[in-house]
Amino acid sequence: ALPGHLLRGLLPLLTIFRLERAEGAARRAGLSTQPIWRQLWDDVMKTRPPNSENITCWRKKFLETFFSNVLHGVLDVSSDWRLNDHHFSPLLHSSPHVSQLTLCNMLQGAVELTAEHNHRVLENLAGSLRVLKFQHLLSSDQSIRRSLVLLLHRLIHHGSVSQVSMYSWPVPDTVLLVLILSMSAGFWRSGNALVYQCGLCREEDKATRQELVQEQAERGRGTEREGSDGENQKGFPKAPEEAAAHLNSVPRSSPLRNQPREETTSEEPCDHTSIQGGSSPHCGSGQLSCHPVLRKTRRRLKPTVGRKRRCLRRSKGPYADPEDLYDFVFTVAREDNSGLLDKTSTTEGENTENWTSSSPESPCTGHAGCKKRGGPAGIFSLKASHRFRSVSTLELFSIPLTGETCRTLSNLLSSWVSLENLVLSYNGLDANICCILSGLRALSRHPNCRLRVLRVSDVFSHMPCMELVRCILSAFPQLHTLSVSFDLKNQLEGNRPEGIPSCSEVEIPESCLEQLEIRFPREPLHTMFLLPVLKASKSLQQLSLDSATLPSSQELGLLLEALKECTPNLKKLSFHDVNLAEHQKEVLLLLQDPVLQEITFSFCRLFESSTAEFLTEIINTVKRNSSLKSLKLPGNRLGNHRLVALADIFSEDSSSCLCQLDVSSNCIKPDGLLEFTKKLEGHIQQRGGQIQFTHLRLFQNWLDQDAETAQEALRRLKAVCSVVNDSWDSSQAFADYISVM
């Protein structure tokens, strides 16, 4: 209850423990602690955080980074008196502020977080953590995997983590990779003893069983009153469909989803083909549901691993052994050339079921694109697993995926209905992209599918970019955002592997696509191949074409006609590294478009062979276009004189509503920027201060050549609009110039 002026003087003298406790009092007194947390960052972290201009809460930023640094042992709390408070537990008190966490190397962080003394820390993270990242992982032993399993189960299955990202793993440990992927998808092998060590699982299991048994008892009493036949008098459903519908009412987070079936005395066929969304298999005509709760409750529950289309007895096996930590997510088996289910003993006395790529339940058909070989398969068995909560975003950056891993990922994707964003970047997929597409095609048929964003990038393209785009959209027309990016053409592209179908003629159903980004590996852009995509994408609002070559002088004109005809809702159009030096007419037509709101010509050599008249036409065209809000011209060698001329866009006779202008990487010097500023100020004065121009981007220009003039120009510009620039060494400019010649 201190007065505001005393509290203001006291806050900088507090430890972070006391500062945290004083947040409420400071807020009630109308005081902000943000400057103190910002100073703490400078004093303790001693680094400039990336995108510091976008940080809205320095308290959260500091405590989140503080947590990570303490967890990984790179920060000593005794190094600063503000951190050294005997009331303060570094991990415990900072954990509620952690929404993003990165685990590295040997996963030491996972071991520390699952230690008994950090139980409350883990509980806090389960409520606060949204993004979990793995970076530079190394192979791990069984005890570390145990810690990782417990961590993922608490943070994903019973927590709030919605995004899992993995970065830079040149030689991935396949067991560890599949473990992370499968648990991110919500799977956990039911037979593992660790399930029954989780209190949350036990509580959910008990509550759900009681609910189902009570409901069945009530249904049984109802059927007895109705005088139904003998079987219905025992409280059983009238039909398998009714039993399956009843089981599907179990919440997705419950471990009873995908519960193992109990031992059956009959070997009647049993339908196992429906795994999507965790639905339970049900037996054929005249047979009871395979779910244990719907059978006589006095019988002991026995999980089973069945032969294909059979409910068979399960050997006890070592899955009941708590020391066997990862067999529940990954089994290594010989891959049968026939493509049927392969049952192989992985340890003495154990029989486990594995999915090969051509299994009926598997979405991947085992074609040549999947590189099907004999030897270890590493296929994840979905049927014998619980289905828990899963993440909505999966990102894999620079992690090579083998054919076996791709088939596993394909199987996971086929029922991953919660997945909304999928990013596969530099994974060396090559022909295995077809295996991923098989999983996506199976997922697209699920009524609850949520996937809307797919980004695929790699060094080599297995097939032409437009063909891949057509393949993806034909398999998954529900996508809203699709990004396909490749650096180089595959030299073997012309020799399509046997069994890989061509998508050049595939029909594309009407799609929901709103954003399409294509980075061509210096491929020619043929409008005839893009046209079917545009016709199927009436909702397209953003189109980005990168690193394409125009095979003829008429090609860009054909593209503009196709865009006008097929995409009436297109708002943003971007060209990057596409040579438009000889397409001045088409450039002017684009700038006249009454629908486009944002146009980008990035490194397109607009003025390489142009005359002064072309620049004047651009300015006059933009002045007459009131719909254009953003014009981005980075890397087009504007120079000082063209920049100064662009100020006329905002002259008194202009009807332009341009808000953003990007002139980055254009060889602009301080004196040219100052002259542009003065001319802009004159136009604003003539218009009585009425101007909508709000943002100017100036990255990578030659402003370091005269620091004093540059500072004056920037100071005056910032009074007019928001200016974004950087400290760039212009000595690199010549190398950049040569690189785009």
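The values are calculated or read from the model by the stated rules, or taken from the named source; none is laboratory data. Here the structure is a predicted model, which means the values were calculated and not measured. Reconstructed Cβ throughout: ideal geometry from the backbone, glycine too, with neighbour counts over all protein chains shown. Just so you know, the surface numbers come from the protein's heavy atoms only, side chains and all, with ligands and any DNA or RNA stripped out. Shrake-Rupley method; radii C 1.70, N 1.55, O 1.52, S 1.80 Å.
Relative to the Cα centre, the charge distribution of the stretch 1-82, modelled as +1 at Lys and Arg Cβ and -1 at Asp and Glu Cβ, gives a dipole magnitude of about 300 debye.
With the whole protein complex present, M528 retains an accessible surface near 130 Å², based on a 1.4 Å probe.
The string of couplings for the stretch 126-142 from the Karplus curve (6.51, -1.76, 1.60, θ = phi - 60°) is 4, x, 9, 6, 10, 10, 10, 10, 10, 9, 6, 6, 10, 4, 10, 8, 5 Hz, one whole number per residue in order, with x for Gly and Pro. Taken per residue, the accessible surface of the stretch 71-177 reaches 42 Å², heavy atoms only and a 1.4 Å probe. Ligands, DNA and RNA are left out, and with a 1.4 angstrom probe the accessible area of the stretch 571-740 is 46 Å² per residue. Could you list, in their original order, any pairs among K571/K623; K585/K678; K61/K133; K489/K632 whose Cα atoms are separated by more than 21 Å? Over 21 Å apart, Cα to Cα: K585/K678; K489/K632. Remark: accessible surface ordering of D76, D487 (largest first) is D76, D487, probe radius 1.4 Å. Annotation: amide H-H contacts under 5 Å for L107 (H modelled 1.01 Å from N, sequence separation of 5 or more, or interchain): L138.
Look at the dipole of the stretch 1-82 built from charges on Cβ: of S52, W41, P12, the Cα furthest out on the positive end belongs to P12.
Extension gain for A612 to S392 (0.36 nm times residue separation, less C-alpha to C-alpha distance): 74.0 nm. Counting only protein heavy atoms and a probe of 1.4 Å, the accessible surface of the stretch 1-82 is 53% carbon and sulfur. State the percentage of accessible surface on the stretch 571-740 attributable to carbon and sulfur atoms; use a 1.4 Å probe and exclude ligands, DNA and RNA. Carbon and sulfur: 47 percent of the exposed surface of the stretch 571-740. If you sort the three axes of the alpha carbon gyration tensor as a ≥ b ≥ c, you get a/c of 1.5 or more for the stretch 1-82 and a/b above b/c, which makes it prolate.
Count the net charge of all other residues whose Cβ sits under 12 Å from the Cβ of V533, scoring Lys and Arg as +1 and Asp and Glu as -1. Around V533, the charge tally is 0.
Rounded if a/c is under 1.5, else prolate if a/b is larger than b/c, else oblate: which is the stretch 571-740, with a ≥ b ≥ c the root eigenvalues of its Cα gyration tensor? Note, shape of the stretch 571-740 comes out oblate.
When the label point is put 7 Å from the Cα of Q39 along its Cα-to-beta-carbon vector, which residues of the stretch 77-118 have a backbone N closer than 17 Å? Residues passing the 17 Å test: 80-84.
Here the accessible area is traced with a 1.4 Å probe on the protein chains. For the stretch 101-167, carbon and sulfur cover 49 percent of it. By a 1.4 Å probe calculation restricted to protein chains, H526 has an accessible surface near 60 Å², given to the nearest 10. When H86, H117, H695 are compared by accessible area at a 1.4 angstrom probe, the order from most to least is H86, H117, H695.
Under the combined filter of DSSP loop state and at most 14 neighbouring Cβ atoms within 10 Å, the stretch 11-88 retains these trypsin sites (Lys or Arg not before Pro): K46.
Residue by residue, the stretch 526-538 carries 3J(HN,Hα) couplings of 9, 4, 4, 7, 7, 4, x, 5, 5, 5, 7, 10, 5 Hz when phi is fed to the Karplus relation 6.51 cos²θ - 1.76 cosθ + 1.60 (θ = phi - 60°); x denotes Gly or Pro. 3J(HN,Hα) along the stretch 82-89: 6, 9, 9, 10, 5, 7, 9, 9 Hz, from the Karplus curve 6.51 cos²θ - 1.76 cosθ + 1.60 with θ = phi - 60°, whole Hz, x for Gly and Pro. Against the criterion of solvent-accessible heavy-atom surface with a 1.4 angstrom probe, W58, W81 sort, most first, into W81, W58. Taking K and R as +1 and D and E as -1, what net charge do the other residues with C-beta under 13 Å from the C-beta of S483 add up to? Overall, the nearby charge balance is -2.
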